[in-house]
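Everything below concerns the one structure shown next.
The values are calculated or read from the model by the stated rules, or taken from the named source; none is laboratory data. Keep in mind it's a predicted model, so treat the numbers as computed, not measured. Note that we place each Cβ from the backbone using ideal geometry, even for glycine, and neighbour counts take in every protein chain shown.
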Ligand code: DC
């Protein structure tokens, strides 16, 4: 693989394997990996802990003024190949995956001020390129000039089965129908919100992974990276 570093933006619906692909790409290419969803989850956890979300409704003003007290960082462990999210220095990786956070994160991510702050931090991470970031608005808003944009998708049932298996393996007591409902609700809110809705960027490549193995997705993406790096090198 050539040495020019590019920005890889991966967007798509909830639970369609974006982070799995993003992590393997980052490992193969020696790039940084940033899970932008974890940042919205961290803000949600902070709001829940402070009692700023009541019956699924966030108190917007409290969340907005609380943003200045939220510092999100990541740590990548080469040996375990795990990415850990920290909120003000506390490891919150496990807690942000719980259903309580999943059920409240979409309303939090519709708050424009929350998005502005997250986008600012995300762009900071991409300053030197060599980054893979996954989310909902990475190719459309965060990095509109990313050299490679991938839009991932798979059916809601397949995505829920994957998330069910993942949570069960972690020993959590979960119900399939509740997960399916959560996946469908999040699709609806994420695609319909006014601010930065989930949308395929015009120049994004679609990857429907309903029937593709992880290895096949990785190979497909690495081929695309190679093509884009060549184009980019030709231009510079
Ligand atoms: O990728 P995830 O399921 O961990 O994301 C959690 C939520 O965060 C998701 O419901 C939508 C929101 N999100 C967003 O609005 N913009 C992003 N770039 C990433 C996630």
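Yes or no, residue by residue, for (1) crowded, with 22+ Cβ neighbours inside 10 Å; (2) touching a strand residue (DSSP E or B) at 6+ places or on another chain (Cβ under 7 Å):
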| residue | (1), (2) |
| --- | --- |
| 4 | no, no |
| 11 | yes, yes |
| 15 | yes, no |
| 20 | no, no |
| 23 | no, yes |
| 29 | no, no |
| 32 | no, yes |
| 37 | no, yes |
Residue hits (the stretch 189-215; part of a strand (DSSP E or B), within 21 Å of residue 143 (Cβ to Cβ) and away from the ligand (no atom under 16 Å from the Cβ)) are 205, 206
Can you spot a residue in the stretch 217-234 that is out of contact with any helix residue (DSSP H, G or I) (no Cβ under 8 Å at 6 or more places or on another chain) and either more than 19 Å from residue 6 (Cα to Cα) or within 16 Å of the ligand (Cβ to nearest atom) (or both)? no
Have a look at 222, 218 and point out the one that is buried (at least 16 other Cβ atoms within 10 Å of the Cβ), out of contact with any strand residue (DSSP E or B) (no Cβ under 8 Å at 6 or more places or on another chain), assigned to a helix (DSSP H, G or I) and modelled with pLDDT of 95 or more. 218
Hey, among 83, 78, which residue is in contact with a strand residue (DSSP E or B) (Cβ under 9 Å, 6 or more places away or on another chain) and modelled with pLDDT under 95? 83
Residue 59 meets each of (1) under 16 Å from the mean Cα position of the chain (by Cα); (2) surrounded by fewer than 20 Cβ atoms within 10 Å (Cβ to Cβ); (3) modelled with pLDDT of 95 or more with one exception, condition (1)
On the given criteria, is residue 94 closer than 30 Å to residue 177 by Cα and more than 13 Å from the ligand (Cβ to nearest atom)? yes
